[in-house]
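Data block below; observations after.
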Amino acid sequence: MSTNDILERARERGNGLPYAGAVTPQEAHQLIQGNPTVRLIDVRTNAERDWVGRVAIDDAQHGAVQWSTYPGGVPNPAFVQQLSAIAGKDDVLLFLCRSGVRSRHAAKLATENGFANSFDILEGFEGDKDAEGHRKSVGGWCKAGLPWVGA
C-alpha cells in the first residue's frame with residue numbers, strides 16, 4: 001500500500017475528529033519507511049520510555065515530547081514549543097502513547113497549533129490490558145511485532 005493510500009485511509013478514519021486522522025501501528029511503521037517528512041512523536045513520559053521500552057526506528061524520524069510529566073502526571077506546558085523544535089508544520093506527525101489516549105489529545109493540540117498533518121496511532125505502544133491486567137498482548141505496536149527496544 002502506498003503512502004498516499006495509507007494517509008487517505010487514515011483521513012477517512014478521522015472523519016469528524018479534530019485532527020487529520022488515525023493510523024494502525026502497522027500503517028505507522030510503513031509510513032516511516034523511506035519517508036523523511038514522516039515523524040513518529042512518542043508522547044509517553046521519559047520514565048515509560050526508559051522502563052517499558054521504545055520504538056526502534058531511525059532517530060531522524062523519531063521524536064519524544066512528553067504529554068505529561070513524571071512523577072505527578074502534570075500536563076507539559078511546553079508541549080507545543082518542544083514539538084516545534086523537532087518537527088515542521090508540514091511534516092506528517094504520528095503521535096504514539098501507551099494505549100492511544102494521550103496521543104489523541106496530542107494530535108488535537110498539534111492541529112490547533114498549525115500542524116495540519118497530525119495523526120493518532122491507534123492502540124498505542126502497549127495496547128489495552130488483557131484479562132489479567134497486563135499490556136502488550138491486546139493490540140499496540142509491541143503486539144504487532146514492530147521493532148522496539150525493551151527497558
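The values are calculated or read from the model by the stated rules, or taken from the named source; none is laboratory data. Keep in mind it's a predicted model, so treat the numbers as computed, not measured.
Some values worked out for this structure:
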{"read-out": "Residue list for region 80-109, filter: modelled with pLDDT of 95 or more, under 12 Å from the mean Cα position of the chain (by Cα) and either hydrophobic (A, V, I, L, M, F, W, C) or within 15 Å of Glu27 (Cα to Cα) (or both)", "value": "Val92, Leu93, Leu94, Phe95, Leu96, Cys97, Ala106, Ala107"}
{"read-out": "Counted residues, region 25-55 - those being part of a helix (DSSP H, G or I) and among the β-branched types (Val, Ile, Thr)", "value": "1"}
